[in-house]
Structures are given as structure tokens and as C-alpha cells.
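Engineer: Below you'll find the structure I mean.
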Amino acid sequence: MAYVTSVNISEKKGTVKHEVPEIQLRLRHGIVGDAHAGDWHRQISMLAEESIDKMREKLPQLKPGAFAENINTVGIDLKSLPIGTHLRIGETVVEVTQIGKECHNDCAIKKATGQCVMPTEGIFVIVIKEGIVRPGDAVAIIGEEAIS
């Protein structure tokens, strides 16, 4: 079973995201209180623990949010999901809008290791159904008919 391992926010752009007990997802907004929220196609970023583990071989001290991701998961191959895929995360539903993103030139992880997983393995989603997401919530691929 796939599930959420951590949820992370940053109140200001350009700062490292930190782990929080829960996040509130809002339509046409993203995560309440996160600096990257807004009515655009990259409201929320997600990254699998399996992807982070590749980097932990070189940087074992990596914490949730180190790649500026909002939701960490285990048990689902996020990078293989096609754009348009709907995911139920706890009581919420999100839609995949983008796979990967170019790393910032000042990415500390890329500087330290020569690589970063977010550009190829991170995904971005928008909120389809509002609600709260917490660590331990189940993550599942759903069809559009199952959104309500």
C-alpha cells in the first residue's frame, strides 16, 4: 500500500521546506500557508522516498522537504504517472500536471553530489478535491468517476 510519509511547507520562497503535522489543500490554491501556493499548474510538489533514498547514499542527512517537496510518499512510482492522473491522498484528490522541473542553479544538493532527483523524479499536482493530508494517509491512483 502506498502512503504519505511526510508533509512539508515553507512560508517564504527560497527557504527550505520543513515538516508539519498536516497540510490543508484548497481548490485553485494548493497548500494553505505554503509560499508556492497559487492558482497555477504547480500548486503542490511530490517526491517518493524511493527517489530520495538514491540521494541518501551520498547525503545520509537529507530530511523531508530538502528538495522543496510538499508531500513525500512510499510505495508508488510517482515519476511514471502520466500527466492527468488523479490520485486520492487521504480525503483529498489531486491531478498530476507536470513531471520534473529544472533545478535552480544554486541547488545545494546538486552542488554537493553532482545530481538531483527532483528534475526527473518529482511531480507537480493541482487540487481537485480539498481536505487535509497527514503522514500515514493512503495514496491511490483513481479514475475520474471516483473523485466525488
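Residues are listed down the side, and each one gets a yes or a no for (1) hydroxyl-bearing (Ser, Thr, Tyr); (2) touching a Gly at 6+ places or on another chain (Cβ under 8 Å); (3) within 22 Å of Ser10 (Cα to Cα):
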position: Gly33; (1), (2), (3): no, no, yes
position: Gly38; (1), (2), (3): no, yes, yes
position: Ile44; (1), (2), (3): no, yes, yes
position: Leu59; (1), (2), (3): no, no, yes
position: Gly75; (1), (2), (3): no, no, no
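Engineer: So, one more: Search region 42-76 for residues being open to solvent by 10 Å² or more (accessible area, probe 1.4 Å) and modelled with pLDDT of 95 or more, and hand back the single one that is nearest to Ile142 (Cα to Cα).
Structural biologist: Only one residue fits best here, namely Ile76.
Engineer: Taking Asp34, is it at pLDDT 85 or above, open to solvent by less than 20 Å² (accessible area, probe 1.4 Å) and in a loop (DSSP other than H, G, I, E, B)? If you could, list the steps in order and put the result at the bottom.
Structural biologist: On the way: at pLDDT 85 or above: yes; open to solvent by less than 20 Å² (accessible area, probe 1.4 Å): yes; in a loop (DSSP other than H, G, I, E, B): yes.
Here the answer is yes, as Asp34 does meet what is asked.
Engineer: Right, next: Just to be sure, is Lys101 in a loop (DSSP other than H, G, I, E, B), among the basic types (Lys, Arg) and at pLDDT below 95?
Structural biologist: Details: in a loop (DSSP other than H, G, I, E, B): yes; among the basic types (Lys, Arg): yes; at pLDDT below 95: yes.
Judged against the criteria, Lys101 is a match.
Engineer: Same structure again: Which of the residues belonging to region 1-24 are in a loop (DSSP other than H, G, I, E, B), over 14 Å from Ser45 (Cα atoms) and either in contact with a Cys (Cβ under 6 Å, 6 or more places away or on another chain) or not basic (Lys, Arg) (or both)?
Structural biologist: Of everything in region 1-24, those that are in a loop (DSSP other than H, G, I, E, B), over 14 Å from Ser45 (Cα atoms) and either in contact with a Cys (Cβ under 6 Å, 6 or more places away or on another chain) or not basic (Lys, Arg) (or both) turn out to be Met1, Ala2, Glu11, Gly14, Thr15, Pro21, Glu22.
Engineer: Still on this model: Going by the conditions given, is Thr113 farther than 19 Å from Ser6 by Cβ, among the polar types (S, T, N, Q), modelled with pLDDT of 95 or more and out of contact with any Cys (no Cβ under 8 Å at 6 or more places or on another chain)?
Structural biologist: Values: farther than 19 Å from Ser6 by Cβ: yes; among the polar types (S, T, N, Q): yes; modelled with pLDDT of 95 or more: no; out of contact with any Cys (no Cβ under 8 Å at 6 or more places or on another chain): yes.
No: the conditions fail for Thr113.
The values are calculated or read from the model by the stated rules, or taken from the named source; none is laboratory data. If you're wondering where the values come from, they're calculated on a predicted model, not measured in any experiment. Reconstructed Cβ throughout: ideal geometry from the backbone, glycine too, with neighbour counts over all protein chains shown. The accessibility values were calculated without ligands, DNA or RNA, using every heavy atom of the protein model including side chains. Shrake-Rupley method; radii C 1.70, N 1.55, O 1.52, S 1.80 Å.
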